[in-house]
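Report on one structure; see the data block that follows.
The values are calculated or read from the model by the stated rules, or taken from the named source; none is laboratory data. Quick caveat: nothing in here was measured; it's all calculated off a predicted structure. Neighbour counts run over all protein chains shown; Cβ positions are idealised from the backbone, glycine included. Note: areas computed on protein heavy atoms with side chains; ligands, DNA, RNA excluded. Shrake-Rupley method; radii C 1.70, N 1.55, O 1.52, S 1.80 Å.
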Amino acid sequence: DLFKTSQLKRAMNYLLVALGGALGSVLRYWAGSFFLFPVGTLAVNIAGSFAMGLVYGLLSDKGLERASLLLMAGFLGGFTTFSAFSLDVVKLFTDAKVFQGFLYIFTSVLGAIFAVWIGFLLAKGVSA
């Protein structure tokens, strides 16, 4: 019975993340339509990062795992993955891991841009 309870809990956690992610993605699409490119993405990233900090501050010491899954991993993760990245940086800084925080910023931003560029070039090379 413990195994079934564990499986049910895990399934419920995935469902919460999926539901929140779907809602966050729809909101991102809707909110982005109000701005010209790339201002919509910028606005969503900043708003989502603010919301991530707010929710984390409210829930971090309350033991509300399901609310965190729905709101942080799900909704805000779907709204903007930049908010998760921003939270990781804040956690590193608050743990006095400033060097690791800046290294994470540097490698995440440049690594992601490089990866998109390489993927784009590969796709163009394949489709040519």
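What to note about this one:
Yes/no matrix, rows are residues, columns are (1) open to solvent by less than 50 Å² (accessible area, probe 1.4 Å); (2) out of contact with any Phe, Trp or Tyr (no Cβ under 6 Å at 6 or more places or on another chain); (3) touching a residue at least 40 places away in the same chain (Cβ under 8 Å):
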position: Ser25; (1), (2), (3): yes, yes, yes
position: Gly63; (1), (2), (3): no, yes, no
position: Ala67; (1), (2), (3): yes, yes, no
position: Leu70; (1), (2), (3): no, yes, yes
position: Leu76; (1), (2), (3): yes, yes, yes
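- Qualifying residues in the stretch 101-126 (those that are farther than 30 Å from Val26 by Cα and open to solvent by less than 90 Å² (accessible area, probe 1.4 Å)) - the one nearest to the chain's Cα centre (by Cα): Gly101
- Residue pairs meeting the criteria (Cβ under 8 Å; at least 6 apart or on separate chains; first farther than 16 Å from Thr81 by Cα, in the stretch 100-120; second in a helix (DSSP H, G or I) and among the β-branched types (Val, Ile, Thr)): Gly101/Val89
- Count of the stretch 78-91 residues, restricted to those that are closer than 19 Å to Val26 by Cβ and open to solvent by 70 Å² or more (accessible area, probe 1.4 Å), is 2.
- Condition check for Thr94 on (1) in contact with a Lys or Arg (Cβ under 9 Å, 6 or more places away or on another chain); (2) of a type outside the set (Phe, Trp, Tyr); (3) open to solvent by 40 Å² or more (accessible area, probe 1.4 Å): one failure, at (1).
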